[in-house]
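Reading through the structure tokens given below for one structure.
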Amino acid sequence: FIRAIDAKTDNDVWRNDEAGRIYMPQPHGGAMANSGVSAQGYLVATENQLLVPTGRAVPASFARGDGKFLYYHLQANGHTGGTQTIVSGTSFYNGGVAFNLATGALESKLGSGMVAATPDGIVYGGKKDVRVLKLVEKTAPDRKGVPAKSLEHQVVWSLAGVDGSAAVIVAGDSIIAGGGTTVTVID
């Protein structure tokens, strides 16, 4: 189960004891089974939602006010996922992928690396560089020549030669990037 408690009284604000047992599609196509949400990672709260990372699968979403189960797209995303989840604007990042916060739909693939939120986008740290990115809408012809909209990551700026593969943290106007045996602070 998952529950919210009032920190002053220790009384339940809400409790959801059904999301841990859902008959749902599994990652291996066509398979249905009793499964559900199994929290594995730090919970992420927005004003209206509670994201619950589930380890090697995508996070599940609950309504923050009453605990109502909103979504958990296990089969649609295969083995995409991870414990680290961050929210940036109307998207959340998990397992190197950007998802729509409201629907849980995949928006754009980023690739493996460390991610932290900024007011206008994200910081992405890899072994060879640290980049600040934002999601932008692009229109390009699909394989049939019909214009199609998609979201892509646009580089705002990058700094080569900085290892951010272990962690990136945004603190005020600074980015702290760690990897290998170095820690770098970037203004």
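The values are calculated or read from the model by the stated rules, or taken from the named source; none is laboratory data. Predicted model only: the values in this text are computed from it and were never measured. As a convention, Cβ positions derive from the backbone with ideal geometry for all residues, glycine included, and neighbour counts pool all protein chains shown. Note: areas computed on protein heavy atoms with side chains; ligands, DNA, RNA excluded. Shrake-Rupley method; radii C 1.70, N 1.55, O 1.52, S 1.80 Å.
Which one is farthest from residue 95 (Cα to Cα) among residues in the stretch 1-45 that are among the polar types (S, T, N, Q), without any contact (Cβ under 8 Å) to a residue 24 or more places away in the chain and in a loop (DSSP other than H, G, I, E, B)? Step through it out loud before you land on a result.
At the first step, the residues of the stretch 1-45 found to be among the polar types (S, T, N, Q) are 9, 11, 16, 26, 34-35, 38, 40.
Add one more test, that the residue is without any contact (Cβ under 8 Å) to a residue 24 or more places away in the chain, and what stays is 9, 11, 34, 38.
Checking the rest, the ones that are also in a loop (DSSP other than H, G, I, E, B) come to 9, 11, 38.
Details: 9: 37, 11: 34, 38: 16 Å.
Going through the qualifying residues, I end up with 9.
State the number of residues belonging to the stretch 91-107 that are surrounded by 18 or more Cβ atoms within 10 Å (Cβ to Cβ) and not in a loop (DSSP other than H, G, I, E, B). Reasoning before the result, please.
We begin by selecting, within the stretch 91-107, every residue surrounded by 18 or more Cβ atoms within 10 Å (Cβ to Cβ); these are 91-95, 97-99, 101, 104, 107.
Checking the rest, the ones that are also not in a loop (DSSP other than H, G, I, E, B) come to 91-94, 97-99, 107.
Of the residues in the stretch 91-107, 8 are surrounded by 18 or more Cβ atoms within 10 Å (Cβ to Cβ) and not in a loop (DSSP other than H, G, I, E, B).
Please state which of the following conditions residue 143 fails to meet, knowing it meets all the rest: (1) surrounded by 14 or more Cβ atoms within 10 Å (Cβ to Cβ); (2) of a type outside the set (Asp, Glu); (3) not in a strand (DSSP E or B).
All conditions pass for residue 143, except number (1).
Take the residues in the stretch 24-51 that are modelled with pLDDT under 90 and at positive phi; name whichever of them is surrounded by the most Cβ atoms within 10 Å (Cβ to Cβ).
Residue satisfying both the conditions and the ranking: 36.
Looking at the stretch 156-187, which of the residues that are open to solvent by 80 Å² or more (accessible area, probe 1.4 Å) and within 23 Å of the chain's Cα centre (by Cα) is farthest from residue 111 (Cα to Cα)?
Going through the qualifying residues, I end up with 173.
Can you name the residue in the stretch 139-184 that is modelled with pLDDT under 95 and acidic (Asp, Glu) and, of all such residues, is farthest from residue 91 (Cα to Cα)?
Ranking the candidates gives 142 first.
When you go through 15, 56, 21 one by one, which is the residue that is modelled with pLDDT of 90 or more and open to solvent by 90 Å² or more (accessible area, probe 1.4 Å)? Lay out the reasoning, then the answer.
Details: 56 fails: modelled with pLDDT of 90 or more; 21 fails: modelled with pLDDT of 90 or more.
Step by step, each of 15, 56, 21 is checked, and only 15 is modelled with pLDDT of 90 or more and open to solvent by 90 Å² or more (accessible area, probe 1.4 Å).
Just to be sure I understand, how many residues within the stretch 111-122 are at pLDDT 90 or above, open to solvent by 20 Å² or more (accessible area, probe 1.4 Å) and either in contact with a helix residue (DSSP H, G or I) (Cβ under 8 Å, 6 or more places away or on another chain) or not β-branched (Val, Ile, Thr) (or both)? Step through it out loud before you land on a result.
Step one: list which residues in the stretch 111-122 are at pLDDT 90 or above, which gives 113-118, 121-122.
In the following step, the residues that additionally are open to solvent by 20 Å² or more (accessible area, probe 1.4 Å) were identified as 113-114, 117-118.
Subsequent filtering for residues that are either in contact with a helix residue (DSSP H, G or I) (Cβ under 8 Å, 6 or more places away or on another chain) or not β-branched (Val, Ile, Thr) (or both) retains 113-114, 117.
The total comes to 3.
Just name the residue that is farthest from residue 122 (Cα to Cα) out of those in the stretch 146-155 that are open to solvent by 70 Å² or more (accessible area, probe 1.4 Å) and of a type in the set (A, V, I, L, M, F, W, C). Reasoning before the result, please.
Step one: of the stretch 146-155, the residues open to solvent by 70 Å² or more (accessible area, probe 1.4 Å) are 146-147, 149, 152, 154-155.
Now drop any that are not of a type in the set (A, V, I, L, M, F, W, C), which leaves 146, 155.
Details: 146: 31, 155: 10 Å.
Per the criteria, the residue is 146.
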